[in-house]
Amino acid sequence: MDSFRVLVVDDEEDFLDTIVKRLNKRSIDTTGVKSGEEAVDLMNQKLFDVVILDVKMPGGMDGIETLREIKKIQPLAEVLLLTGHASVETSIEGMKLGAFDYLMKPIKLEALMEKLAQAFDKKDSHDQKIRKAKIKQMIRYPGSVFEEEKE
């Protein structure tokens with residue numbers, strides 16, 4: 001698995017610290033925050049490939065509202081919703097808003113690592129398609145980098 005950036009958003013401090021430490025030990029650049037507001041602020045400053053997002057958080061922004069904002073800021077970031085309180089309605093809403101998957105707490109680290117790998121592969125695939133499209137556009141259309149060099 002290539003190196004990538006993960007943001008973990010969870011109000012349970014022990015859980016947050018444990019996940020961040022375990023992922024960082026595996027050479028995954030992982031940052032943890034305790035609220036949706038903090039997640040949104042950070043995502044306005046730094047790019048992330050995958051977000052692990054708790055659905056039930058106290059305060060102003062719950063997980064679904066945070067997911068909405070994340071997708072506005074970084075639409076290609078993959079989001080894994082995580083909760084200890086499963087609800088069919090919430091999982092359906094999360095998936096409609098673009099979540100990659102919905103996972104139940106407690107989750108084994110191996111299962112989480114597998115989902116992270118799948119989410120990163122999807123994000124990487126989207127990134128590659130965008131790069132290829134940009135290269136094709138530069139080659140095809142006048143005014144591209146190559147056209148400017150001829151002048």
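Derivation of every value follows stated rules applied to the coordinates shown; laboratory data play no part. Since the structure is predicted, the reported quantities are computational estimates derived from the model, not experimental observations. We place every Cβ from the backbone using ideal geometry, glycine too, and count neighbours over all the protein chains shown.
Express the relative contact order of the chain as a whole percentage, based on alpha carbon pairs under 8 Å and six or more residues apart in sequence. Relative contact order of the chain: 18 percent. Computed about the Cα centre, the dipole magnitude for the chain is approximately 620 debye when only Lys and Arg (+1) and Asp and Glu (-1) carry charge, each at its Cβ. Which of SER91, SER35, SER27 moves the most in a Gaussian network model of the chain with Cα springs under 10 Å? Its mean-square fluctuation being the largest, the pick is SER27.
Rounded to 0.05, the FRET efficiency of the LEU47 and ALA117 pair, given R0 = 25 Å and the Cβ-Cβ distance, is 0.85. Estimated from helices alone, the mean residue ellipticity of the chain at 222 nm is -16500 deg cm²/dmol (sum of -39500 (n - 2.57) over DSSP H runs with n ≥ 4, per residue). Which option, [x] 9.4; [y] 8.6; [z] 10.5, is the value of mean projected area of the Cα convex hull in nm² that was calculated from these coordinates? Checking each listed value against the structure points to [z].
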